[in-house]
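Engineer: Could you have a look at this structure, given as structure tokens, before my questions?
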């Protein structure tokens, strides 16, 4: 079924990606250890040229990649997406030196990237970040008696060197942590300034004071927490501008939110196709399952919702590529509809398959675990509804 008038070359590319995912990526994914970075899988994504495309493709191509890979190998899709999420701020906002050091290694799959935004007390509320970037102070001279307290400490800089900070605090629920090679870290450089006081830093994993631990999560990909104990960073590590890191975060999320929807659509399509095959071949009540009107109508509803979600994802991605003014709202709609739809479709598929779908190793058992997290990460469904409403009222007030 053609969606959103994709060109024949795009459809052929999607089919090729599904084949690559099934034949070359799925076997590597099966050898991976749940909860840990599968470096062999990431390296294969690099050798196939898919990681390099993260930096040359638009939002629609990113969606096509993620949907196609998710259909046959969710682990490969997630590995690709996490490389893009962690490295996109470097690609879009990094200095020439930062880009030269890290992007070729991300593209060939030899460096693992991570996007470190969430905190224990600031998950969906990204403006409430508490990880502190504290300026290093020059030695404070004693004030002569009677002249009041010493002057406020200035931001330290070595002779002819960059400004310096120390990162102190915690990040939590960070994909690829603690095994990534570098992190895009968002820290507060201006206290009590909300979104206006956040700075993005590129922090290599070997910085002193940076430690981490894995978290035992439902999703099979690696997720961990990071502890920052006075981790040193300088102006050379800043991505974008000081106190303007929130723009870096939101720009990245606006690009990747539609493609989270594409990931969800890929899972929904896999569940739908499995259900079509099962209900067409399963004997029940003197015929096939598909002969029962309740079953056939359920399958039709699954197909309807999947296609509607796909169309919205493609529309949001195309709006992003066209630099349309309503990208935040469209991206939020696409992620919201697609992730909620995938949850519905996978759940319905499990119901129509019966107990066999709950057996470890069954496709639907795997999808049932995978499909839950996208409704939370990169902005929970409730956050997406808030974004949509905010955009709608802003548009109404501008009339």
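Engineer: Highest mean first, what order results for 257-267, 112-122 on Cβ atoms within 10 Å?
Structural biologist: Details: 257-267: 31.3, 112-122: 22.5.
Those peptides, ordered most packed to least, come out 257-267, 112-122.
Engineer: Another question, if that's okay. Give the peptides 27-33, 370-376 in descending order of average Cβ contacts within 10 Å, highest first. Intermediate results must be reported in sequence, preceding the final value.
Structural biologist: Details: 27-33: 14.6, 370-376: 20.1.
Highest mean packing first, the order is 370-376, 27-33.
Engineer: Taking neighbour Cβ counts within 10 Å as the exposure measure, how do 279, 252 sort from fewest upward? Can you show the working numbers first?
Structural biologist: Values: 279 21, 252 24.
Listed from fewest to most nearby Cβ atoms, that is 279, 252.
Engineer: Something else about it: Would you give the gap between the C-alpha center of the stretch 221-240 and the C-alpha center of the stretch 7-76, rounded to a whole Å?
Structural biologist: Their Cα centres are 28 Å away from one another.
Engineer: Run the paramagnetic zone check for residue 16: 7 angstrom along Cα to Cβ, then residues of the stretch 35-68 with backbone nitrogen under 19 Å.
Structural biologist: 44-68
Engineer: Show me 5-11, 388-394, 51-57 ranked by packing, highest mean number of other Cβ atoms within 10 Å first.
Structural biologist: Details: 5-11: 10.7, 388-394: 13.4, 51-57: 17.7.
Packing proxy ranking, top to bottom: 51-57, 388-394, 5-11.
Engineer: Continuing with the same structure: Under a GNM of the chain (C-alpha, springs under 10 Å), which listed residue has the highest mean-square fluctuation: 214, 386, 281?
Structural biologist: 281
Engineer: Mind checking which of 169, 286, 212 has the largest fluctuation in a GNM of the chain, springs on alpha carbons under 10 Å?
Structural biologist: Looking only at 169, 286, 212, the biggest GNM fluctuation is shown by 286.
Engineer: In whole angstrom, how far apart do the alpha carbon centroids of the stretch 270-290 and the stretch 332-399 sit?
Structural biologist: 24
Engineer: Right, another one. If the chain between residue 227 and residue 101 were fully stretched, how many nm would it gain, using 0.36 nm times the residue separation less the Cα-Cα distance? Working shown, then result.
Structural biologist: On the way: separation 126, 0.36 × 126 = 45.36 nm, distance 2.44 nm.
The residue 227-residue 101 span can extend by a further 42.9 nm.
Engineer: Using a cut-off of under 19 Å, list every residue of the stretch 16-58 whose amide N is near the label point 7 Å from the Cα of residue 108 along the Cα-to-beta-carbon line.
Structural biologist: 39-56
Engineer: Further question on the same structure: For residue 215, put the label point 7 Å out on the Cα→Cβ axis and report which residues of the stretch 104-118 keep their amide N under 12 Å from it.
Structural biologist: Inside the label zone: 117-118.
Engineer: Compute the relative contact order of the stretch 247-397 as a whole-number percentage, counting only Cα pairs closer than 8 Å that sit 6 or more residues apart in sequence. Could the numbers behind the result be given before it?
Structural biologist: Values: 177 pairs, mean separation 47.2, N = 151.
After rounding, I find 31 percent.
Engineer: Using a Gaussian network for the chain with springs between C-alpha atoms less than 10 Å apart, which of these wobbles most: 366, 88, 320?
Structural biologist: In the Gaussian network model the winner is 366.
Engineer: How many nm separate the modelled label positions at residue 369 and residue 393, each set 7 Å beyond the Cα in the direction of the Cβ?
Structural biologist: 4.1
Engineer: Taking the number of other C-beta atoms within 10 Å as the exposure measure, put 218, 48 in order starting with the fewest.
Structural biologist: Working: 218 10, 48 18.
So the residues, fewest neighbours to most, are 218, 48.
Engineer: Residue 55 versus residue 40, label points 7 Å from Cα toward the beta carbon: distance in nm?
Structural biologist: With each label placed 7 Å out from Cα toward Cβ, I get 2.7 nm.
Every read-out reported here was derived from the displayed coordinates using simple, explicitly stated rules and does not represent laboratory data. Everything numeric in this text was worked out from a predicted model, so none of it was measured. Heads up, the Cβs are rebuilt from the backbone with ideal geometry, glycines too, and the neighbour counts pull from every protein chain shown.
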